[in-house]
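J.: Got a structure for you, written out below as structure tokens; questions coming shortly.
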Amino acid sequence: MKDGITLTPPKFEAKLATCDEDVRAAQSLRYRVFVDELGADGPLVDHSKRLEIDTFDDHAEQLILLDHARAANDKVVGVYRLMDNDAAVRAGRFYSECEYDLSALTATGRPLLELGRSCVHSDYRGGAALLHLWQALADEVERRKAEILFGVASFHGTDLDTLAPSLSLLSRNHSAPEHLRVRSKVYQPMDLADVTDRAAAMKQVPSLIKAYLRLGGVVGDGAFLDHAFNTTDVCLILDTAEMTDRQRTIYGGRR
């Protein structure tokens, strides 16, 4: 009980979107998170229908997390957008190539999987929802034989003075090895300040980025200021071959 209201335990299911209704539900959650919460906008965003859309949705797949304990029209509580090599060919490029030169990754010749538009409903943050999404993602990575996972992850806002300690910490302590080090196209250096309080700098790092760092994730060279989304982006890269057994356990969950 909470404030006299009975809390219904969630009934999670994670799956790839299989119909237009699933995709619209994913785009609806994305609108709620990216537009309502973060103030994002874009040329294809449908404000009348409250859908966050872009051109890559026609070629990508939406991995969705549903809570069947919710109302029928509001079940999707988590989203990952997935683009593999074939999807990037159909789309003409990966989404991240709007912001980063990915030639270091494509030159490896290894199977890539881009993770994008990751979001969780505000009611489910800090709980089991992200774990369920990760378990489903781990299944997709295994099914596709993907070896390098990557994508842009965001700090809210574009005030570099505020973000300088956190960006500097990422640049100095979590920089990608040279053979995987992508570079932002509109280059914004990340090493901007002396980090005198490491704990405070790390506290400011968004939870999703910290989660990937715990899995062995690293960041590319330079940030990207996305003014349309009101974010400062970094490119995260995770080489699954470099994960430790402990990190694989965290990532794979029950598996």
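J.: Using the structure shown, decide if ASP123 is in contact (Cβ under 8 Å) with a residue 40 or more places away in the chain, out of contact with any His (no Cβ under 6 Å at 6 or more places or on another chain), open to solvent by 50 Å² or more (accessible area, probe 1.4 Å) and not in a strand (DSSP E or B). Spell out the reasoning first.
T.: Numbers: in contact (Cβ under 8 Å) with a residue 40 or more places away in the chain: yes; out of contact with any His (no Cβ under 6 Å at 6 or more places or on another chain): yes; open to solvent by 50 Å² or more (accessible area, probe 1.4 Å): yes; not in a strand (DSSP E or B): yes.
Yes; evaluated as a whole, the condition is true for this residue.
J.: Of all the residues that make up the range 92-118, how many are open to solvent by 30 Å² or more (accessible area, probe 1.4 Å), part of a helix (DSSP H, G or I) and not hydroxyl-bearing (Ser, Thr, Tyr)? Steps first, answer last, please.
T.: Going residue by residue through the range 92-118, those that are open to solvent by 30 Å² or more (accessible area, probe 1.4 Å) are 92-93, 95, 97-98, 101, 103, 106-111, 118.
Within this subset, residues satisfying the condition of being part of a helix (DSSP H, G or I) are 95, 97-98, 103, 106.
Now narrow it down to the ones that are not hydroxyl-bearing (Ser, Thr, Tyr): 97-98.
Qualifying residue count, the range 92-118: 2.
J.: Which members of the range 34-76 meet the condition of being of a type in the set (Asp, Glu), assigned to a loop (DSSP other than H, G, I, E, B) and open to solvent by less than 40 Å² (accessible area, probe 1.4 Å)?
T.: Going residue by residue through the range 34-76, those that are of a type in the set (Asp, Glu) are 36-37, 41, 46, 52, 54, 57-58, 61, 67, 74.
Right, trim to assigned to a loop (DSSP other than H, G, I, E, B) and you get 41, 52, 54.
Of everything in the range 34-76, those that are of a type in the set (Asp, Glu), assigned to a loop (DSSP other than H, G, I, E, B) and open to solvent by less than 40 Å² (accessible area, probe 1.4 Å) turn out to be GLU52, ASP54.
J.: Still on this structure, I have one more. Filter the range 128-159 for residues that are open to solvent by 40 Å² or more (accessible area, probe 1.4 Å) and more than 17 Å from ASP84 (Cα to Cα) and give the result. Before you say what the answer is, go through the steps one by one.
T.: Restricting attention to the range 128-159, the residues satisfying the condition of being open to solvent by 40 Å² or more (accessible area, probe 1.4 Å) are 128, 130-132, 139, 142-145, 147, 154, 156, 158-159.
Matches in the range 128-159: ALA128, LEU130, LEU131, HIS132, SER154, HIS156, THR158, ASP159.
J.: Something else: GLU242 passes all but one of (1) at pLDDT below 90; (2) within 19 Å of the chain's Cα centre (by Cα); which number fails?
T.: Against the list (1) at pLDDT below 90; (2) within 19 Å of the chain's Cα centre (by Cα), GLU242 comes up short only on (2).
J.: Still on this model: For the range 26-72, how many residues are farther than 23 Å from ARG93 by Cα, in contact (Cβ under 8 Å) with a residue 24 or more places away in the chain and of a type in the set (S, T, N, Q)?
T.: Count: 1.
J.: Which condition number does THR18 fail, the rest of (1) under 26 Å from VAL186 (Cβ atoms); (2) in a loop (DSSP other than H, G, I, E, B); (3) open to solvent by 30 Å² or more (accessible area, probe 1.4 Å) being met?
T.: (1)
J.: Tell me which residues, restricted to the range 112-126, are closer than 26 Å to ARG143 by Cβ and of a type outside the set (Val, Ile, Thr). First the steps, then the outcome.
T.: So in the range 112-126, the residues closer than 26 Å to ARG143 by Cβ come out as 112-121, 124.
Matches in the range 112-126: LEU112, LEU113, GLU114, LEU115, GLY116, ARG117, SER118, CYS119, HIS121, TYR124.
J.: Separate question: Please identify the pairs in which a residue from the range 98-113 that is farther than 20 Å from ASP54 by Cβ and among the small types (Gly, Ala, Ser) has its Cβ atom under 7 Å from the Cβ atom of a residue that is open to solvent by less than 10 Å² (accessible area, probe 1.4 Å) and assigned to a helix (DSSP H, G or I), counting only partners at least 6 apart or on another chain.
T.: The qualifying pairs are ALA104/LEU180.
J.: Could you grab me the full set of residues in the range 26-69 that are of a type outside the set (Phe, Trp, Tyr) and in contact with a Lys or Arg (Cβ under 7 Å, 6 or more places away or on another chain)?
T.: If we filter the range 26-69 for residues that are of a type outside the set (Phe, Trp, Tyr), which is where we start, we get 26-30, 32-33, 35-55, 57-69.
Listed by number, the residues that qualify are SER28, ARG30, LEU51, GLU52, HIS59, ALA60, GLN62, ILE64, LEU66, ASP67, HIS68, ALA69.
J.: Give me a count of the residues in the range 193-233 that are aliphatic (A, V, I, L, M) and within 20 Å of LEU149 (Cβ to Cβ).
T.: Applying the first criterion (aliphatic (A, V, I, L, M)) to the range 193-233 yields 193, 195, 199-202, 205, 208-209, 211, 213, 215, 218-219, 223, 225, 228.
Then drop every residue that is not within 20 Å of LEU149 (Cβ to Cβ), which leaves 205, 208-209, 211, 213, 215, 218-219, 223.
Of the residues in the range 193-233, 9 are aliphatic (A, V, I, L, M) and within 20 Å of LEU149 (Cβ to Cβ).
J.: Among all residue pairs at least 6 apart or on different chains, which show Cβ distances below 9 Å where the first residue, located in the range 228-248, is in contact (Cβ under 8 Å) with a residue 40 or more places away in the chain and the second is of a type in the set (Lys, Arg) and open to solvent by 10 Å² or more (accessible area, probe 1.4 Å)?
T.: That search, which allows pairs on different chains as well, returns CYS235/ARG183; ILE237/ARG181; ASP239/ARG110; THR240/ARG248; ALA241/ARG110.
The values are calculated or read from the model by the stated rules, or taken from the named source; none is laboratory data. None of these values were measured; they are calculated from a predicted model. Virtual Cβ from ideal backbone geometry, glycine too; neighbours counted across all protein chains shown. In case anyone asks, the SASA skips ligands and DNA or RNA and just uses the protein heavy atoms, side chains included. Shrake-Rupley method; radii C 1.70, N 1.55, O 1.52, S 1.80 Å.
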